[in-house]
Amino acid sequence: MVNKLGAWCALLSLATAAFAATPFTGIERKVRRNTISKGMFSKRDTDPTLLYPAYNLSVPIDHFHNESKYEPHTDGTFNLRYWFDATYYKPGGPVIVLQSGETDATGRLIFLQKGILHELAEATSGLGVVLEHRYYGTSMPTPDLSTPNLRFLTTEQALADEAYFAQHVVFEGLEHLDLTAPNVPYIGYGGSYAGGFNAFLRKLYPDVFWGTIASSGVIEAIWDYWNYFEPIRVYADQECVSNTQKITHMVDNILIGLNNSKTTASLKSVFGLPNVTYDDDFATVVGYGIDSWQGKVWDPAENDPSFDEFCGNITAKSLLYPEISSRKAAVQTLLKEGGYGSEISVLTTPLLNWIGWLGVYTVNSCQDQDSCYGTHDPASYVQDDITQTWRSWPYQYCTEWGYLQTGSGAPKDQLPLISRTNTLEYESIICVDAFNITTPPDTDAINKWGGFDISYPRLAFIDGEQDPWRPATAHASPFNTTAHNRTNTASQPFMLISGAVHHWDEYGLFPNETVNVPPNFLPPLPVRDTQSQEIQFVLEWMLEWSEYKLAHKQEI
């Protein structure tokens, strides 16, 4: 059954929007930090939700009645939200489904207008779809987000949702056409978590999805994902990396090595964070600059400039914040006590500028520091009504995916980019206090589908050379030695975008936004080339479809 958005969904949408508008708490900041698909920073002229009506498909809450982990089972259904654009559709063209992943799918609607979804739809005479993931946006299977009701939030169930969608959807205005699989070819696309999702979709439902593209697709679930920072360490400005490592080491030498309450208090005060109670919470705030690398995007409207601003600050040769010059003596004392007395002349200005940048970036806007940055209060995790949308992704990574970004996991002979107080125990606080999960995630529930070795005809892997999630993708080598490079073919494309960070091929521009003047091409030439090749191999997949249908017809 297909229907327009109902009153319940409208109320849910309003509740979600109201929640999102409130200031971030320490919990929400941690969730954002550990989310694979970071928020989008688009500055758009037209709200895409005004251009594309939302629809719902009624799908089963529980696809697996033989699995005990979903007990008690239910025969109920819920509304899975989607949008579509049939502007370019002609009979014989594919249905191209962009899976939105671990976020409200309204943030993906722009891709119906520009980016690889739009480009593929135009090139193939296809119909573009944005499909929401269960337990995100308004696609809520249960009335609240309590731990018992989150038992249906697994990648396995969500994959079954998308297969069910492809087999049952009827598009408004096209009711006279059977656009379900396998009657027409379905092509899946996703970036980040949704990229890995699409890799599994092709392998588990090959008779439903003719082909899929995994962009920055995380295909290997990893509990301690300290490797997140390795591409940053290798590809970021090396002076910025060195200063970050040394100052972070200084912080750890004080917090972990000295373990002196007076010196620790001085350290927190000089950073403007005297009222952050726990050392690991404090160290997490100090590391915000490095965390922002993933937000680097070639499209100026989507780009988060925080990382470049941070690095520009800590590599500047002069003090950029005269108002904190009075902290110079305290900074130099801390450098000495933290083991960097021999580099005081080199690190004083970078550290002062780090403190100044952090103040502008977050500290100065926070009135209650423990409320803003604290994550240790169990009472903060007890709310589980339908507006507590922060619970969905942590439940997924606490139960199946892992990806806890630690500093403690870095090799002992290597200076990490974030504090070693960022341990598995610290990053798992949310698992214990929000869901009473005290054991590591069941990563085998994901990796049983192939992990680094997953492959299938008409399954493409597109990754970013400098992506912090690269160590969990098909292009993990050399950051993860258990992964191996592959041959790039039309049937099984394997492409690494030079200079790219996170799913850069997903983005696009309107014709009037394109820049064709060197050296600052927009989109960048490596992105253009990748998108062109994606269009080409999908067209080849469509030729295979035509040949397959012809052969099947002759057999009949």
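The values are calculated or read from the model by the stated rules, or taken from the named source; none is laboratory data. Keep in mind it's a predicted model, so treat the numbers as computed, not measured. As a convention, Cβ positions derive from the backbone with ideal geometry for all residues, glycine included, and neighbour counts pool all protein chains shown.
Table for the structure above
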| read-out | value |
| --- | --- |
| Helices (runs of 4 or more DSSP H) (entirely within the stretch 210-278) containing at least 2 residues that are within 21 Å of residue 330 (Cβ to Cβ), in contact (Cβ under 8 Å) with a residue 12 or more places away in the chain and touching a Leu at 6+ places or on another chain (Cβ under 7 Å) | 238-252, 261-270 |
| Flag if residue 105 is within 30 Å of residue 535 (Cβ to Cβ), modelled with pLDDT of 95 or more and either surrounded by fewer than 20 Cβ atoms within 10 Å (Cβ to Cβ) or assigned by TED's automatic domain parsing to the domain that holds residue 382 (or both) | no |
| Hits in the stretch 434-480 - residues which are surrounded by 20 or more Cβ atoms within 10 Å (Cβ to Cβ) and β-branched (Val, Ile, Thr) | 446, 454, 462, 473 |
| Residue match in the stretch 168-187 (condition: outside any loop (DSSP other than H, G, I, E, B), in contact with a Phe, Trp or Tyr (Cβ under 7 Å, 6 or more places away or on another chain), touching a residue at least 40 places away in the same chain (Cβ under 8 Å) and closer than 22 Å to residue 135 by Cβ) | no |
| Residue ID - farthest from residue 419 (Cα to Cα), chosen from residues in the stretch 355-407 that are among the charged types (D, E, K, R) and in a loop (DSSP other than H, G, I, E, B) | 385 |
| Given (1) touching a Gly at 6+ places or on another chain (Cβ under 6 Å); (2) assigned to a helix (DSSP H, G or I); (3) surrounded by fewer than 19 Cβ atoms within 10 Å (Cβ to Cβ); (4) among the charged types (D, E, K, R), number of the condition residue 304 does not satisfy | (2) |
| Residues of the stretch 75-102 that turn out to be in a loop (DSSP other than H, G, I, E, B) and either modelled with pLDDT under 95 or in contact with an Asp or Glu (Cβ under 6 Å, 6 or more places away or on another chain) (or both), as a count | 2 |
| Single residue of 318, 269, 306, 325 found to be among the hydroxyl-bearing types (Ser, Thr, Tyr) and under 21 Å from the mean Cα position of the chain (by Cα) | 306 |
| Of all residues making up the stretch 409-433, the number that are crowded, with 18+ Cβ neighbours inside 10 Å and under 12 Å from residue 399 (Cα atoms) | 3 |
| Any pair with Cβ under 7 angstrom, 6 or more apart, that starts in the stretch 517-530 at a residue that is not assigned by TED's automatic domain parsing to the domain that holds residue 504 and buried (at least 19 other Cβ atoms within 10 Å of the Cβ) and ends at one that is modelled with pLDDT under 95 and not small (Gly, Ala, Ser) | none |
| Selected residue (only one of 316, 330, 283 is small (Gly, Ala, Ser) and either touching a Phe, Trp or Tyr at 6+ places or on another chain (Cβ under 6 Å) or surrounded by 21 or more Cβ atoms within 10 Å (Cβ to Cβ) (or both)) | 283 |
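For every residue, the table says whether it meets (1) among the aromatic types (Phe, Trp, Tyr); (2) surrounded by fewer than 21 Cβ atoms within 10 Å (Cβ to Cβ); (3) more than 17 Å from residue 356 (Cβ to Cβ).
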| site | (1), (2), (3) |
| --- | --- |
| 228 | yes, no, yes |
| 235 | yes, yes, yes |
| 238 | no, yes, yes |
| 246 | no, yes, yes |
| 251 | no, no, no |
| 258 | no, yes, yes |
| 266 | no, yes, yes |
| 272 | no, yes, no |
| 277 | no, yes, yes |
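Here's the yes/no breakdown for (1) on the phi > 0 side of the Ramachandran plot; (2) within 26 Å of the chain's Cα centre (by Cα):
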{"position": "64", "(1), (2)": "no, no"}
{"position": "67", "(1), (2)": "no, no"}
{"position": "76", "(1), (2)": "no, no"}
{"position": "81", "(1), (2)": "no, yes"}
{"position": "109", "(1), (2)": "no, yes"}
{"position": "113", "(1), (2)": "no, yes"}
{"position": "117", "(1), (2)": "no, yes"}
{"position": "125", "(1), (2)": "yes, no"}
